[in-house]
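One structure below.
FYI, it's all coordinate maths here, none of it is from the lab. These numbers were taken from a predicted model, which means no experiment stands behind them. Quick reminder, even Gly has a Cβ in these numbers, built from the backbone with ideal geometry, and neighbours come from all protein chains shown.
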Amino acid sequence: MALIVQKFGGSSVKDRDRIFNVARIVANTHNAGNDVVVVVSAQGDTTDDLIAKAAEIGHDPSAREMDMLLASGEQISIALLAMALNELGCHAISLTGWQAGFRTDRAYTKARITRLETERISSELERNRVVVVAGFQGLNKLDDITTLGRGGSDTSAVAIAAALHADRCQIFTDVEGVYTADPRKVRNTRKLEEITFDEMLELASLGAQVLNNRSVELAKKYNVELEVLSSLNPVPGTVVKEVAKMEGMLIKGVAKDTDVAVITILNVPDEPGTSFKIFGLLAQKNINVDIILQSTGRDGKKDISFTCAQGEAETALRVLKESAHYADVSVDTTCAKVSIVGAGMQSHSGVASKMFEALSNNNINIKMISTSEIKISCIIDRADAGAHDTVDRDALARQDMHHILRRERAGIRLRLHTIAHDRRRARTQMPEPLHRRRKCPAHQLRRALSGQLRAGDAAQRGKARLQARE
Ligand code: ADP
Ligand code: ASP
Ligand code: MG
């Protein structure tokens, strides 16, 4: 008998028929003699609809009240799925995130899991019940409801699989697995049989929403092998694991993220402590910083640009002006990030230059560049961000960057916004290494302040606890 965690996203439970479809998958798994914990998201577009309802009430609702509101979506799904399972004669019980033992920090709307107390789940499993857990939610030290950020149900599922030492963690969704690019937007994409945690983490962080990036981070940390598969079509999906088989492809995928804001601070003092001051303040506000670019100093001054999510740009701007007292701060929300991801890029020369050549041939200006061993990201104008929408499978197989990044449209607007502005005659330097979102100074600082991560010491399945932070 195995313990299997199965997670179903919003589209998989969007209406009565889909709920019964999920109930049948779960019941079959349970009837085959397995213990099953199911994690579900809110139905269909419920979370978006709740956000829209909040916007009808006020412009800037409190984050605490947003979490109170948003958590209600998942609560509907768990009750309906448990009812459907019971209808099929499969004993099931629904648990909210807090009943299931999810404890989080205080960061409303983007809380991180601090602990998972699994006694309740375990005792329900011992009673041979299927346990249906609400994803995306937990409880903080104030006993307030928190949510884990958009797409957070994936993280809930992985956390349960890690804490219970599950034998399998299956993420059911509305596509058949992880593809080389979003199969809904790009023609001729290819489903990957396997992908490594690192590659998946990059793809997820860079905009491929099929898995939430924090869930992949957690899966890597606790070595939880994931299977991404369709809830509608019972065919093998994609396995996400530490070491994947070589598929003879250097570039595993292409991702686009339009939720990007570039913030530029001009004329900051060129002295030790400036970056700490800036990114320390942003860390205090839990703002995730991605790419950072700074100019070389001149006359004791330098300029710093960084990217963050658009929803965080306003707070970042306010903090930099009001707390750091920088006068010359601007935000550009007309950008997008296109990235290519694949292990082994670093040891293969010419990948970066081919990508840049492809962008150049299409007259697309690169505003910022970020590299790591397994990815290259370019910040470009959003108007140009259809760039990879024509990814084709053969081009990927040939590693032909011109085709991979071929644009369909012409007529590109060029608008320089880097701090290497001609007018200022400033020379830019690429910070070394350029940071990835999950390794941003803000993030690292927050980790440093909140103590080192501890490995989970879950011992027995029955009494396991996830001690470590996410
Ligand atoms: P769920 O509701 O199941 O959590 P999501 O909408 O969060 O599903 O994620 C699934 C969607 O992710 C797919 O419908 C697809 O459009 C999108 N997607 C983006 N990039 C990729 C990719 N590389 N591979 C597969 N799907 C992708
Ligand atoms: N319902 C939440 C969202 O839409 C969480 C999730 O789907 O994973 O973001
Ligand atoms: Mg999702």
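Laid out as a table, the results:
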| item | result |
| --- | --- |
| Computed lengthening from Gln310 to Asp259, 0.36 nm per intervening residue step minus Cα-Cα distance | 17.8 nm |
| Extension gain (nm, one decimal) between Val235 and Glu119, 0.36 nm per residue minus Cα-Cα | 38.4 nm |
| The range 199-356 - charge dipole about Cα centre, Lys and Arg +1 at Cβ, Asp and Glu -1, debye rounded to 20 | 160 |
| Within-10-Å neighbourhood charge of Ala2 [Cβ basis; K, R +1; D, E -1] | -1 |
| Spread of Cα-to-Cα distances over 10 Å intervals beginning at zero, given as percent, for the range 250-386 | 11, 38, 32, 18, 2 |
| For Arg214, Arg129, order by how many other beta-carbon atoms lie within 10 Å, fewest first | Arg129, Arg214 |
| Spin-label pair Ser353/Ile76, simplified geometry with 7 Å Cα→Cβ offset, distance in nm | 5.6 |
| Length added when fully stretched, Asn86-Asn128, from 0.36 nm per residue minus Cα-Cα | 13.8 nm |
| Rough spin-label spacing in nm, given labels placed 7 Å along Cα→Cβ, for Glu271 and Val331 | 2.9 |
| Gyration tensor verdict on the range 1-153 (Cα atoms; rounded if a/c is under 1.5, prolate if a/b is larger than b/c, oblate otherwise) | oblate |
| Listed residues Gln284, Ser339, Gly311: farthest to the positive end of the dipole of the range 271-342 (Cβ charges) | Gln284 |
| Binned Cα-Cα distances of the range 256-331, short to long, each 10 Å bin given as a whole percent | 20, 57, 21, 2 |
| The range 146-223 and the range 307-342: distance between their alpha carbon centers, rounded to Å | 26 |
| Where a label projected 7 Å from the Cα of Asp17 along Cα→Cβ would reach, residues of the range 40-81 with amide N under 19 Å | 43-46, 81 |
| Within the range 245-348, trypsin sites (Lys or Arg not before Pro) in DSSP loop having at most 13 other beta-carbon neighbours inside 10 Å | Lys245 |
| Loop-located GluC sites (Glu not before Pro) in the range 222-303, at most 11 other Cβ atoms within 10 Å (DSSP) | Glu242 |
| Relative contact order (%) - criterion: Cα under 8 Å, at least six apart; region: the range 220-333 | 28 |
